[in-house]
1. Kindly provide the set of residues from the range 585-600 that are out of contact with any Pro (no Cβ under 9 Å at 6 or more places or on another chain), farther than 19 Å from His396 by Cα and open to solvent by less than 70 Å² (accessible area, probe 1.4 Å), ordered by number.
2. Answer yes if at least one residue in the range 127-144 is assigned to a helix (DSSP H, G or I), open to solvent by less than 20 Å² (accessible area, probe 1.4 Å) and at pLDDT 85 or above, and no otherwise.
3. Would you please name the residue that is modelled with the highest pLDDT, looking only at residues in the range 325-349 that are loosely packed, with under 13 Cβ neighbours inside 10 Å and farther than 29 Å from Ala118 by Cβ?
4. For the range 368-392, enumerate the residues that are open to solvent by 10 Å² or more (accessible area, probe 1.4 Å), among the hydrophobic types (A, V, I, L, M, F, W, C) and part of a strand (DSSP E or B).
5. Limited to the range 533-560, what total is found for residues that are closer than 21 Å to Leu590 by Cβ and assigned to a loop (DSSP other than H, G, I, E, B)?
6. Among the numbered conditions (1) touching a residue at least 24 places away in the same chain (Cβ under 8 Å); (2) out of contact with any helix residue (DSSP H, G or I) (no Cβ under 9 Å at 6 or more places or on another chain), tell me where Arg103 comes up short.
7. Which one is farthest from Ala265 (Cα to Cα) among residues in the range 172-199 that are assigned to a helix (DSSP H, G or I) and either charged (D, E, K, R) or free of Cβ contacts under 8 Å to residues at least 40 places away in the same chain (or both)?
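The values are calculated or read from the model by the stated rules, or taken from the named source; none is laboratory data. Since this is a predicted model, take the numbers as computed values, not measurements. We place every Cβ from the backbone using ideal geometry, glycine too, and count neighbours over all the protein chains shown. All accessible areas refer to the heavy atoms of the entire protein, side chains included, with ligands and DNA or RNA removed. Shrake-Rupley method; radii C 1.70, N 1.55, O 1.52, S 1.80 Å.
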Amino acid sequence: MGVEVGAQAARSRALAVLRIRSRALAVALLPAAVAVVLLVGGSTGHITGGGWPVTRSIVTVLAVLVLLAAAGIALVVARARPAVSPTVPIAEASAPDLYRLVRDLADRLDVPPPSAIALTPDCDSWLEDRTHPAHGPPPAEHRDEIAGVRGGRGGAGRPRRAPAAPVLVIGSPFLWWMRVGELRAVLAPVVAGTGPSAHPDIAAARRFVRGLDAAVAVTSEPTRGPLVRTLLAGVGWVTRLLLRSCRGHAAEMERGVAAAAAERAQAVDYGLRIVAQEQVGLAYAGWDRLLTRVALPAWRMGRWPSRLDAGVVAALTELSRRDRLAEGFASRLGERPACDLLEEPGSVDEAASLLAARLFHGGPAEPGPDWAPVDWQEYPDEVVDRTWRTEAARLHRVLDALGVRHPTDPTQPDQGGPTLARVLDHLTAPATDDAETDAETDADVSVDRRGAYEESGAGVVPGDAEAEVEEEVGEDGELVLGSERTAALAAGLSAELAREEAAAPAIVSGPGGGTEQPGPDWSFWDDGMLPLFPLQPPRSGRELLADHVTAMVCCAAMDTAGAMPGLDWLDGPALLVGGARAADLGPRVLTLVEDGDPAPLRDWLRHLGVRPEKPVRLV
């Protein structure tokens, strides 16, 4: 009963959208109809004399202009390509078991099966209509089916051609984390949506709304020439007016479709769907943690992890082991994972990982010298170690540009190389008994260092250094000692990083050539919009400084105390001391950067046997 109610509501709203389309067409044809009446009346002698000849000429010209305008708007709407999500297409030959599962699910729900299956590097699943002419015809193996082979139920006569079924888009983390039964339960309400999509009125209403939306996007693009801009502005005004008129009806239509699909799917794996929804939330949490903590440092280094979906399993396994999120976790992992439905899960994972790098970070469409894949076994050496040494080298370049001298210990020979002691001494706040003198000295030295930094060609120190200094003013109005030099160093790092990013080679986008492996459908890309979903906002100067000091400490620990780079599935790059993760480093670095107090960090270094005065190896 609920299915019929939802479907009926969706159909009624679809008819409302189609009525708006019909009214727009009637408005466009009204001047032509009036002109025809006047012309016929004049030719038959029924409308003659007075000002009718002039009126007839004016109305005829107006009718021609309106028809030309309507034809132009219709052409723009018809040729505009609706937005389509970038996905990794999955051919039936590469995943016959997955297609069989989806078709069996569609048979149980008594709905048409999706026309194709694609993967998205995100924790979501949906149906996507790609029947627009600009997207090409549906897959050949589905043409007979969507043409009405099921029409044998309808009795004699030629079966009516049904609208092409939409494409089923599945979140790739689901395939690796969920079991086969859980995936079927999650996909049930999604696949059930193909039933309402096959209704001609709903399909026509959706095509009309998508066409208007695509036309609005076309008219919003920057174009050359005042005439073209004027014409597109008129088209944009009309399409926006129509889209606003359809918005409420289209939203209610989709709600009705969703309600009908959810109600239809109640009979399929209802009990298992509750457990599967819990796994959806868990997969989303692990996926977000993996992208921001693990994948992002690699992307910044020009390397993209080629097994992100396998990393989701490792991250969620570690999360469940630490927090014991689910009972019977070990028995669940013993069931068949959904990725076994793929013939070559490794190649699919690699394609989805490359697409994720482009979506969330931006990057070339193909691997290259500066954009290479990295396996998880190589991640600590290829990403963690390189990241730390690159940031440590950048830190010392900025110190050189600021004119910071290498400290010399009377008991040790002058090493003259990049040492951690140089960083610690520079960020350490002066003694409080000489506060006034040291504050004046810091101000004078800061001016000299800014000038030296600008003359070195490394870039101009941004003007927010003074703003960051003002943030360090205490409650009594006195400047916290050491904040001036900290702000100058943070501003220098920001400028140096911005200069490196500006000097980086431009990203070359486009489809890969001649590969038979599953890959992203590059025909749907708008390269000017990449990355579509930036993971994190730009880091502030203080955050950059803390990251660079931490990198310098890790380099010193690796070179002088035998520490190793490692990977924590939940927190990303990690320093391993004696095989265990050093989790107490971050707060000590922040104490040095924010307060100018090196004591906690020096105690930590002394406890591990790290020698700050020894030079470290940089990239």
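1. Leu585, Gly586, Asp597, Ala599
2. no
3. The qualifying residue modelled with the highest pLDDT is Gly334.
4. Trp371, Ala372
5. So the answer is 5.
6. Unmet for Arg103, out of (1) touching a residue at least 24 places away in the same chain (Cβ under 8 Å); (2) out of contact with any helix residue (DSSP H, G or I) (no Cβ under 9 Å at 6 or more places or on another chain): (1).
7. Among those residues, the one meeting the criterion is Glu182.
Let's see how each residue does on (1) under 30 Å from Pro166 (Cα atoms); (2) open to solvent by 40 Å² or more (accessible area, probe 1.4 Å):
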position	(1), (2)
Leu15	yes, yes
Arg19	yes, yes
Val37	no, yes
Trp52	no, yes
Ala63	no, no
Leu67	no, yes
Ala71	yes, yes
Ser85	yes, no
Ala91	yes, yes
